Amino acid sequence: MHYNLRTGRLGFKVGKLMFLKKSVKVQKHIEIAPKLIVRRTGMKKIADITDKIKVLFYKKSQLTTIKPVADAIKILNAVKRGVLYTTAVATMCFIVYGSFMSLDITIAKNVLINGKSVGTVTNIEQFKDYYSKLHEELQHSLGESEIGKVSYLPCIAFNKSVNDEYTLKQNIMSLYDGVINAYSVYVDNEFVCATLEKADLEMALETIRTSYGNEETATFVQDIEIKNELVTSSNIKFGENIKNELLSSKSIESVYVATKEQSMWEIASMYGMTIDKLEKMNPGIDGAVLDGTHINIIKSVPVLSVQTTAHVEGEFDIAYKSEIVCDKTMAKGKQKITVEGENGKQFVKKDIVFINGEEITETIHEKTIIKEPVTKVTVVGTKLSGIGTGSFIRPTYGSLSSRYGTRWNRQHQGIDISASAGTNIVAADDGVVEFSGWEGGYGNLVKLSHGNGYTTYYGHCSKLLVKKGQIVEKGQVIAKVGSTGRSTGPHLHFEVRLNNIPQNPLEFISSN
């Protein structure tokens, strides 16, 4: 009996009969009993790991089962071969991936318009947006109304072969009629104009560069680039128009920092903007703009700017400083100069940077003091004298409710200013308190003598804050608005008298 490794079948060539209880030797080869059933293993290829088999005969069921006998060495060799094969495949994949990456290759799309290739891209959506905008531009300048049929072919390309927007634009424009090969000038990567002759462009740039003098140091602030490319005929300029385009202005968004309290109207006027546009750019800012507030604006700047540097050395003045000294013994408003100011002298070596002829920065390399400046000293009096200036300010804020003149068939000797109770009342000019108390129909009244023939009255006060004989200065709070005495509501009755003769107060405070 033997097991055929090629066919997987069991053959019997041994002259032996197998019975349930005994076996008998015979002299010749015979076939096995026809009732014998042989069950084979399900292994596909036993020879890979074993050359031996084991035949099991079950008496009760008369079934014979064949099992391969595993060889440990064979199994180990098979495992080794599997590991080697796996390692080899992984190494090959790594080598292929590394080679792919080292070659800087990417998966891309070849773009075709009306069947003609215009370039290679990696982002189709980005190209669609760009092509749509470019077509609108060409439609405006060339009158092209139909957009070309765009198709994409998958490809593998080197990253350096992927085209940028500029190359794509040139390739697409070559498909249109009405484009011209010319020389274009770009300022900070922005197209300005084009001309048919490169020399005309270079001449215009040189004229602008040298127009501010100091040719040795004159340079352009922006980056300038001249390209030979396809442009639309509307962009071609000649003669003086080339220089005019380069000297034109453009609008850019910027930020203005307020240096004082300003209105939005004032800022809009400074930059030639409408108030609606300014407010739209700055939502949430309403009313006065405080010092230090950042405001979004649109300002005009030159397309091209020239920077020059001047090397300067020589003697220069040192401006003197001023100092104010307060003197309590001197009447307020008086002053005198005790030390006259005098400029100093210094020798300076410096560089001054100009942009378009306007001084921007100054760098000092050497400075030697020849003569120190002399500080100007001014003594200012702070002593209150009670003598008025003859100029009056408005004593309180409110609405004019009654004028000077005839009222209710009698003379109204002052004006009434209606205001909320408790509003501050201030001295209209420097003076001395002549009276502070209750006086008939005036109610609570303050009289100020200004020492120059003028006296002012402040009536119907709710509260008096000064006393008789006290010296007050212009603008000092002396009382509060009320409705005392003969009054129909809170207001200030204000009189101005010259040598005790009532005057029309509006002639003194109307301009304030």
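Provide a single number: the residues in region 370-410 that are among the charged types (D, E, K, R) and either under 14 Å from Lys332 (Cβ atoms) or under 54 Å from the mean Cα position of the chain (by Cα) (or both). Quick ask: steps written out before the conclusion?
First, the residues of region 370-410 that are among the charged types (D, E, K, R): 371-372, 376, 383, 394, 403, 407, 410.
Right, trim to either under 14 Å from Lys332 (Cβ atoms) or under 54 Å from the mean Cα position of the chain (by Cα) (or both) and you get 371-372, 376, 383, 394.
Count: 5.
Which residue, of Phe316, Phe347, is surrounded by 11 or more Cβ atoms within 10 Å (Cβ to Cβ) and modelled with pLDDT of 95 or more?
Values: Phe316 fails: modelled with pLDDT of 95 or more.
After ruling out the rest, the residue left standing is Phe347.
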| Quick one: would you say Gly475 is surrounded by fewer than 18 Cβ atoms within 10 Å (Cβ to Cβ), under 55 Å from the mean Cα position of the chain (by Cα) and not in a strand (DSSP E or B)? | yes
| message | Out of everything in region 232-263 that is of a type in the set (Asp, Glu) and exposed (fewer than 12 other Cβ atoms within 10 Å of the Cβ), what residue ends up being nearest to Glu279 (Cα to Cα)? | response | Glu253
| request: Quick one: Lys198 ticks every box in (1) surrounded by 13 or more Cβ atoms within 10 Å (Cβ to Cβ); (2) within 24 Å of Thr167 (Cβ to Cβ); (3) under 34 Å from the mean Cα position of the chain (by Cα); (4) not aliphatic (A, V, I, L, M) except a single one, so which number is it? | output: (3)
| If you take the residues of region 368-387 that are in a loop (DSSP other than H, G, I, E, B) and in contact with a Lys or Arg (Cβ under 8 Å, 6 or more places away or on another chain), which of them is farthest from Thr423 (Cα to Cα)? | Pro373
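Collect the residues in region 130-155 that are among the β-branched types (Val, Ile, Thr) and either modelled with pLDDT under 85 or touching a Cys at 6+ places or on another chain (Cβ under 6 Å) (or both), keeping them in residue-number order. Outline the logic, then answer.
Of the residues in region 130-155, the ones among the β-branched types (Val, Ile, Thr) are 147, 150.
Residue satisfying the conditions is Ile147 alone.
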| remark: Just one listed residue, out of Val306, Val301, Val377, is under 30 Å from Ile275 (Cα atoms), touching a Ser or Thr at 6+ places or on another chain (Cβ under 8 Å) and either modelled with pLDDT of 90 or more or not acidic (Asp, Glu) (or both), and it is Val301
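Pick out the one residue from Ser487, Ser449 that is in contact (Cβ under 8 Å) with a residue 12 or more places away in the chain, farther than 17 Å from Ile387 by Cβ and polar (S, T, N, Q).
On the way: Ser449 fails: farther than 17 Å from Ile387 by Cβ.
After ruling out the rest, the residue left standing is Ser487.
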| task | Please find, among Gly381, Gly388, Gly414, the residue that is small (Gly, Ala, Ser), farther than 24 Å from Leu464 by Cβ and buried (at least 17 other Cβ atoms within 10 Å of the Cβ). | result | Gly381
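The values are calculated or read from the model by the stated rules, or taken from the named source; none is laboratory data. Just so it is clear, the structure is predicted and the values come from calculations on it, not from any experiment. Counting neighbours? That spans all protein chains shown, and the Cβs are built from the backbone with ideal geometry, glycine included.
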